[in-house]
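Data block below; observations after.
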Amino acid sequence: MSKKVLLSGIKPTGKLHIANYFGAMKQFVNLANEYESYIFIADYHALNFIKNKEEMKQNITDVLLDYLAVGLDPEKVTIFKQSDISEHTELTWIFDTITTMPYLELAHAYKDARAKNKEINVGTFNYPMLMAADILLYNPEVVPVGQDQKQHVEYARDTAQKFNRIFGETFKLPKEIIMENTANIPGTDGRKMSKSYGNTIPLFAEYEEIKKCVMGIVTDSSGGIPQNVYAIHKLFRSEEELKKIYEEKSGKYKELKEALIEDIEKFIAPLRAKRKEFEKDIPKALAILKAGGEKAKIVAKAKMEEVKEKIGVNVY
Ligand code: ADP
Ligand code: TRP
């Protein structure tokens, strides 16, 4: 029996952080044996944010090295880049024709951008349709993501249902996998950790950088437990162990932060070393990405053929 399919992706918009890892990437690695996995770099999504050729190239290479360093094994996982598979944007157009504007206006990302009075480009408005295409082309059963992506996976599911209703059964309905304890990891300022808030602890940070980030964690002034420190510490140690440490050092914020620094360093040091190994041969890493794209293309192309047949543009 063939394995069920898993698909997920990350935008190459900046340095990945520990919440990207615990919220999403860790699941990619843990589930790689159980599922036939497709993990991609969402570079066309990133184009909404990055308008600089060198930066885009660097970011794509960085996410690729990050994927490899956290243990995604290209023998088991198809690692590819969105822009290598033109079917993603092709299917987006077809979805656009069955989707209404009021429906897209309900998307959180769009509403947030509007609330901030930002000038919103069509790419941002249409983001959920590109993401629906990313997902549905590969018939995945599951999409592991953090809480903030839940709505986007719902958009994909709704879009699949709508297409199936109009043109006949074509797409499987995907389901998000969100880990309860790591769905919404706070950053150093207590808000959701996010590249765009500048409140992250980078996943491959050097010791000094870890120190700086942790020392900068905003601590509340009441109670012996600094909540923001504890919430991050929970990622690296069991609550049982933490209880002891936080009781012993109750109120001693500096010492608690020092304990956290050591735990993060213990976790990151081997990842950093692995990444440095991959960095030594970037052409080899890029060859993995290219080969992954060739594999993914076969699947996406077949699905697109089916779609074209269903909508009636296949006349030959
Ligand atoms: P960012 O908000 O830093 O730009 P992305 O949107 O690129 O992060 O997210 C990549 C993946 O990491 C997504 O699956 C997302 O849900 C997950 N993720 C991002 N931030 C967090 C967080 N603070 N807690 C849990 N998961 C997160
Ligand atoms: N929107 C996701 C994010 O911001 C990235 C993404 C794009 C994605 N397409 C996807 C995630 C398809 C899962 C499946 O993190």
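Please sort by residue number the GluC sites (Glu not before Pro) in region 44-146 whose DSSP state is loop and whose Cβ has at most 16 other Cβ atoms within 10 Å.
Here the sparse-neighbourhood loop sites are Glu75, Glu105, Glu119, Glu141.
Taking the centroid of alpha carbons for each part, region 148-198 and region 1-43 are 13 Å apart.
A probe of 1.4 angstrom, applied to the heavy atoms of all protein chains, finds Leu106 with accessible area near 100 square angstrom. Could you tell me whether region 223-316 comes out rounded, prolate or oblate from its Cα gyration tensor? Rule is a ≥ b ≥ c as square roots of the eigenvalues, rounded for a/c under 1.5, then prolate if a/b exceeds b/c, otherwise oblate. Since a/c reaches 1.5 but b/c is at least a/b, the shape of region 223-316 is classed as oblate. When the chain is treated as a GNM with alpha-carbon contacts under 10 Å, the residue of Gly14, Gly187, Gly224 showing the greatest mean-square fluctuation is Gly224.
Here's the list of aspartates and glutamates a cross-link from Lys175 could span, going by alpha-carbon distance under 12 Å and ignoring same-chain residues fewer than 8 apart: Glu141, Glu154, Asp158. Its Cα centre serving as origin, region 195-276 has a Cβ charge dipole (Lys and Arg +1, Asp and Glu -1) of approximately 360 debye.
Which of rounded, prolate or oblate describes region 43-100 when judged by the alpha-carbon gyration tensor and an a/c cut-off of 1.5? Oblate, because a/c is 1.5 or more while a/b does not exceed b/c.
Once you have a ≥ b ≥ c as the square roots of the Cα gyration tensor eigenvalues for the chain, tell me rounded if a/c is under 1.5, and otherwise prolate or oblate according to whether a/b is larger than b/c. In terms of gyration-tensor shape, prolate. Measuring only protein heavy atoms, the 1.4 Å probe finds Met179 accessible over about 80 Å².
Taking the DSSP beta bridges in the chain as the whole, what percent of them are antiparallel, to the nearest 5? Taking every DSSP beta bridge within the chain, about 10 percent pair in antiparallel fashion. Helix 282-311 and the longest principal axis of the Cα set of the chain meet at an angle near 40°. Computed with a 1.4 Å probe on the full set of protein chains, the accessible area for Asp96 sits at about 50 Å².
Accessible surface ranking for Tyr138, Tyr316, 1.4 angstrom probe, highest first: Tyr316, Tyr138. For the residue pairs Lys118/Lys274; Lys3/Lys303; Lys11/Lys192; Lys111/Lys212; Lys57/Lys172; Lys15/Lys150, alpha carbon separations beyond 28 Å are given by Lys118/Lys274; Lys111/Lys212; Lys57/Lys172.
The values are calculated or read from the model by the stated rules, or taken from the named source; none is laboratory data. These figures come from a predicted structure and were not determined experimentally. For neighbour counting, all protein chains shown are included, and Cβ atoms are generated from backbone atoms with ideal geometry for every residue, glycine included. These area figures cover heavy atoms from the full protein model, side chains too; ligands, DNA and RNA do not enter into them. Shrake-Rupley method; radii C 1.70, N 1.55, O 1.52, S 1.80 Å.
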